[in-house]
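Right, one structure below, let's go through it.
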């Protein structure tokens, strides 16, 4: 079974902190994605990566950056967390047309 | 540009009722894939179905069925004889490779099935 693991289910951070959300997949997939989920807005793509050290902006990249130093790991970075980044964050990896999702990280910025 | 629209934000039904969740998509590409995912209260997205743009056959899986119509750019999902365990948020999604293979989601429909 493909496994996509996000490092935390719940996180509480303070405004202005630098926050790292980690995602690891165990199936050697080249494509990985970070989404944020908000009520009424669905899942919105923040960034995606199609190979190591390669990244592309999604629809809402502002306030975020990413890192893909190894194929299995895709990190989402909030350089200076703000309250409007309180949300559910979902990581996914994709093989051809099949996407596999992590369990999500619910981030609260206070 | 690609877009997926789920106009129904919330639906509430009583157990054993049939319910249809609507999905309308936009893409200029001729090759694309459509998906439905279920997100139960636990939060993890569960894959339900994938359809490619060349296959318009309707599909049935137990109490679930899907109606794909290219003429109206719709990919609707029907649950027959709904059950409380069907309560979840359901997402429709689209991949089009000419757009870099991004998986684009609709806004989601929250289905509540009451006993």
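Odds and ends about this structure:
- Matching residues, segment B:1-27, being assigned to a loop (DSSP other than H, G, I, E, B) and either free of Cβ contacts under 8 Å to residues at least 12 places away in the same chain or within 11 Å of chain A (Cβ to nearest Cβ) (or both): B:1, B:2, B:6, B:9
- So residue B:61, is it surrounded by fewer than 12 Cβ atoms within 10 Å (Cβ to Cβ) and either over 19 Å from residue B:104 (Cβ atoms) or within 12 Å of chain A (Cβ to nearest Cβ) (or both): yes
- For the condition surrounded by fewer than 18 Cβ atoms within 10 Å (Cβ to Cβ) and free of Cβ contacts under 8 Å to residues at least 40 places away in the same chain, residue B:42 qualifies.
- Residue check for residue B:72: closer than 16 Å to residue A:97 by Cβ, more than 14 Å from every other protein chain (Cβ to nearest Cβ), touching a residue at least 12 places away in the same chain (Cβ under 8 Å) and exposed (fewer than 13 other Cβ atoms within 10 Å of the Cβ): no
Laboratory data are not the source of any read-out in this text; all were calculated from the coordinates shown. Note that this is a predicted model, so its numbers are computed, not measured. Glycine also receives a Cβ, built like all others from the backbone with ideal geometry; neighbour counts cover every protein chain displayed.
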